[in-house]
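Have a look at the structure below, then the notes.
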Number of protein chains: 2
Amino acid sequence: MGDGGSVVKRFLRPFRGEALRVPPVWLMRQAGRYLPEYRATRAEAGDFLKLCYTPRLAAEVTLQPIRRYGFDAAILFSDILVVPDALGQPVRFADGEGPRLDPIRSREGLAGLDLPGTSSKFDIVAETVQRLRQDLPPETALIGFCGAPWTVATYMVQGQGSPDQAEARLWAYRDPEGFEALIDVLVAASIDYLDRQVKAGADCLQIFDTWAGSLPDDEFDRWVVKPTRTIREALADLHPDVPVIGFPRGAGATAVWYVSETGVDGIGCDTATPPFVMSEAFDEEDVVVQGNLDPLLLVAGGARLDERVDEILDLMEGKRFIFNLGHGIVPQTPPEHVARLVARVRSRG
Amino acid sequence: MGDGGSVVKRFLRPFRGEALRVPPVWLMRQAGRYLPEYRATRAEAGDFLKLCYTPRLAAEVTLQPIRRYGFDAAILFSDILVVPDALGQPVRFADGEGPRLDPIRSREGLAGLDLPGTSSKFDIVAETVQRLRQDLPPETALIGFCGAPWTVATYMVQGQGSPDQAEARLWAYRDPEGFEALIDVLVAASIDYLDRQVKAGADCLQIFDTWAGSLPDDEFDRWVVKPTRTIREALADLHPDVPVIGFPRGAGATAVWYVSETGVDGIGCDTATPPFVMSEAFDEEDVVVQGNLDPLLLVAGGARLDERVDEILDLMEGKRFIFNLGHGIVPQTPPEHVARLVARVRSRG
């Protein structure tokens, strides 16, 4: 989506080459359980997936943190497991538990997936994006997203979250061609999904690779870097002006290589990313750095929060930078701490 | 423990400055559930902690993988939570679940800990070490260990394992002096514990910091680096010839800094540590590198396992190196794959 002749949104300016004195700010999982208004809408929806699939409600929870805090960007409210669900591997969310799927652990299991069938669920998400495009303040960017193929695959193969993603990693070792067929399905579906989000009005895209950090380098290259590059290249052909942020959580020392190999326009840095990596390691790359306040410091609050915000701002001064957390905001976060954070960032002006 | 005038054990030679064509090899959690003889001894003990606290049985399971595979080092069979248990915070292991403790979440809770009370449980572990010193082949080194104060604290504060160590991290942010008091207790107990292990016959020590990777740099410095340095320095005074290996799992790009700041003699690299870090990043440090085969590749086996073993050996050729996994061996590992791994490493000779 072009800028319609209007001023470029603040959020997008770092991607156009600008280092802003007051960086744009948004928070991963900013639409979430820490907000009472979110919990009310969630209760109205009843089921978590129903919240994702009801455009009026999904748009409402996306807007809630924008109304409260005036973040520079909204992020579409959805879930990374919408993709397998849309592909015909149903996802269930039981209260207080993580997601559950009937696992796919072999090439044969892929036959049950239904790629053309994705359209109706993706259409629903696109409708949410369209609503948001209408309802968001004109200065607020809208971020669309998907889970990276590797991370989504770990849930599809394990059938749930897991500390070590063992089933996906074992399949990838035992039958790399079969596992690649699953990744290929996810790459194609992700391109389609992100393309629709942009067509519906997303200004920017983020690819969440939550479990990127569990892989040795050769597997990281094959299952994290290559699929992400394919998605990035396809999107660049379709929508050359829409930046893509990669978030390879836990990639550590490998994040620089991820940036140069995938061609992402922005790199999300997790909480453990050390300052010298944030401020120097990406200097040779044409990339916007995003991150990386500890979400638990946002829970704790106080003077320590202010100091750390200042440290990050000092560190990234003069860089193309977006202020964010290093992981998603957690439910026990006091909403007033978020207000304090945003005020602190903007007090640099 | 000196070498009694005899030849230096192969395992210790990299610490004396030698790069061996065939590196020493051992595997984290090599005494474990993947071995049928371990499961038999475990069943005899009944309870997991009872296995740790019965010297005859703990020594037996320590010896089992040495008999099968002739590893260059045995590692004392015990658990990192022996320390809180010995300090008077009882640990329970329910079958199929992780450890459970009544959590300590404030300075007041520390009053219930009983530092002098550690002696009897540490004595039991020392007795296991003495037995091992007698029963191990003379060429086999014996590694003692403890959990790092940070990692042990995460369990003591959370009361169990957790994906994000939230309770410990929150305490550390909200009341750093109080949390430091807990860390100080653990530092003192760890020094005592490791000192006893060396006096009883351990040739080398490893400090397991499983959750080092969750912390931002300032917290990493205060809760991971500084306590480890204190332990390292105390041990260097007591036992200057006994090398200490640090294993800050997930430390990523920060591992080099960890090495230079803590003064550890060996650095355990996890599975995600990229080759250039393994082979080059530590060149300026006087340190032995250990790692980092993916334990899941050891489950998968086959030609891919052989190739990866060769890649790691090629990469580390000419370096002071110890072959190991990047994480602990997993229960579903076929024992014959371990034999294949050891043969492959030794075929370099």
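The values are calculated or read from the model by the stated rules, or taken from the named source; none is laboratory data. No experiment lies behind these values; they were computed from the predicted model shown. Note: ideal-geometry Cβ built from the backbone for every residue, glycine included; neighbour counts use all protein chains shown.
From B:ASP209, B:ASP241, grab the single residue that is modelled with pLDDT of 95 or more, more than 10 Å from every other protein chain (Cβ to nearest Cβ) and buried (at least 21 other Cβ atoms within 10 Å of the Cβ).
B:ASP209
Using the structure shown, decide if A:ARG304 is of a type in the set (Lys, Arg), within 11 Å of another protein chain (Cβ to nearest Cβ) and either farther than 24 Å from A:VAL224 by Cβ or without any contact (Cβ under 8 Å) to a residue 24 or more places away in the chain (or both).
yes
Here's a check for you: in segment A:307-349, which residue that is touching a residue at least 40 places away in the same chain (Cβ under 8 Å) and facing chain B (nearest Cβ under 10 Å) is nearest to A:VAL277 (Cα to Cα)?
A:GLY326
Of the conditions (1) of a type outside the set (Val, Ile, Thr); (2) touching an Asp or Glu at 6+ places or on another chain (Cβ under 9 Å); (3) in contact (Cβ under 8 Å) with a residue 40 or more places away in the chain; (4) within 13 Å of another protein chain (Cβ to nearest Cβ), B:ASP265 clears all except one; give me its number.
Among (1) of a type outside the set (Val, Ile, Thr); (2) touching an Asp or Glu at 6+ places or on another chain (Cβ under 9 Å); (3) in contact (Cβ under 8 Å) with a residue 40 or more places away in the chain; (4) within 13 Å of another protein chain (Cβ to nearest Cβ), the lone unmet condition for B:ASP265 is (4).
Being more than 14 Å from chain B (Cβ to nearest Cβ), modelled with pLDDT of 95 or more, more than 30 Å from B:ALA300 (Cβ to Cβ) and within 19 Å of the chain's Cα centre (by Cα) is true for just one of A:LEU186, A:LEU142. Which residue is that?
Step by step, each of A:LEU186, A:LEU142 is checked, and only A:LEU142 is more than 14 Å from chain B (Cβ to nearest Cβ), modelled with pLDDT of 95 or more, more than 30 Å from B:ALA300 (Cβ to Cβ) and within 19 Å of the chain's Cα centre (by Cα).
Of all residues in segment B:340-349, which are under 22 Å from the mean Cα position of the chain (by Cα) and either farther than 14 Å from B:ALA300 by Cβ or surrounded by fewer than 18 Cβ atoms within 10 Å (Cβ to Cβ) (or both)?
Within segment B:340-349, B:VAL342, B:VAL345 qualify.
Counting residues that are loosely packed, with under 13 Cβ neighbours inside 10 Å and of a type outside the set (Gly, Ala, Ser), which helices (runs of 4 or more DSSP H) fully inside segment A:80-148 reach at least 1?
A:107-110, A:119-135
Could you pull out the residue among B:GLY252, B:GLY246 that is within 18 Å of the chain's Cα centre (by Cα) and more than 23 Å from B:PHE122 (Cα to Cα)?
Answer to the check: B:GLY252.
What tally of residues in segment B:244-262 results from selecting those that are within 11 Å of chain A (Cβ to nearest Cβ) and in contact with a Cys (Cβ under 8 Å, 6 or more places away or on another chain)?
Matching residues across segment B:244-262 total 1.
Here's a check for you: in segment A:4-16, which residue that is in a loop (DSSP other than H, G, I, E, B) and at negative phi is modelled with the highest pLDDT?
Step by step, filter segment A:4-16, then rank; the result is A:LYS9.
Among the residues that make up segment B:316-330, is at least one of them at pLDDT 95 or above and touching a Cys at 6+ places or on another chain (Cβ under 7 Å)?
Yes, segment B:316-330 contains a residue that is at pLDDT 95 or above and touching a Cys at 6+ places or on another chain (Cβ under 7 Å).
Is there a residue being surrounded by fewer than 20 Cβ atoms within 10 Å (Cβ to Cβ) and not in a helix (DSSP H, G or I) anywhere in segment B:40-52?
Scanning segment B:40-52 turns up at least one residue that is surrounded by fewer than 20 Cβ atoms within 10 Å (Cβ to Cβ) and not in a helix (DSSP H, G or I).
From the list A:ASP286, A:ASP265, exactly one residue is under 14 Å from the mean Cα position of the chain (by Cα), acidic (Asp, Glu) and more than 27 Å from A:GLU336 (Cβ to Cβ). Which is it?
A:ASP265
Criterion first (of a type in the set (D, E, K, R), in contact with a strand residue (DSSP E or B) (Cβ under 9 Å, 6 or more places away or on another chain) and under 17 Å from A:MET156 (Cβ atoms)) does A:ASP79 satisfy it?
yes
Looking at A:ALA58, A:ALA19, A:ALA73, which one is surrounded by 17 or more Cβ atoms within 10 Å (Cβ to Cβ), at pLDDT 95 or above, closer than 30 Å to A:SER279 by Cβ and small (Gly, Ala, Ser)?
Of A:ALA58, A:ALA19, A:ALA73, the one residue that is surrounded by 17 or more Cβ atoms within 10 Å (Cβ to Cβ), at pLDDT 95 or above, closer than 30 Å to A:SER279 by Cβ and small (Gly, Ala, Ser) is A:ALA73.
Just a yes or no: is a residue in segment A:271-287 closer than 22 Å to A:ASP72 by Cβ and more than 14 Å from chain B (Cβ to nearest Cβ)?
Yes: one or more hits.
Restricting attention to segment B:320-349, which residues are touching a Ser or Thr at 6+ places or on another chain (Cβ under 8 Å) and either within 22 Å of B:ARG16 (Cα to Cα) or of a type in the set (A, V, I, L, M, F, W, C) (or both)?
B:LEU325
Out of all the residues in segment A:151-169, which are touching a helix residue (DSSP H, G or I) at 6+ places or on another chain (Cβ under 6 Å) and either acidic (Asp, Glu) or more than 13 Å from chain B (Cβ to nearest Cβ) (or both)?
Result: A:VAL152, A:ALA153, A:MET156, A:GLU167.
Considering only residues that are in contact (Cβ under 8 Å) with a residue 60 or more places away in the chain and over 24 Å from A:LEU63 (Cβ atoms), which ones fall in segment A:76-90?
A:PRO84, A:LEU87, A:GLN89
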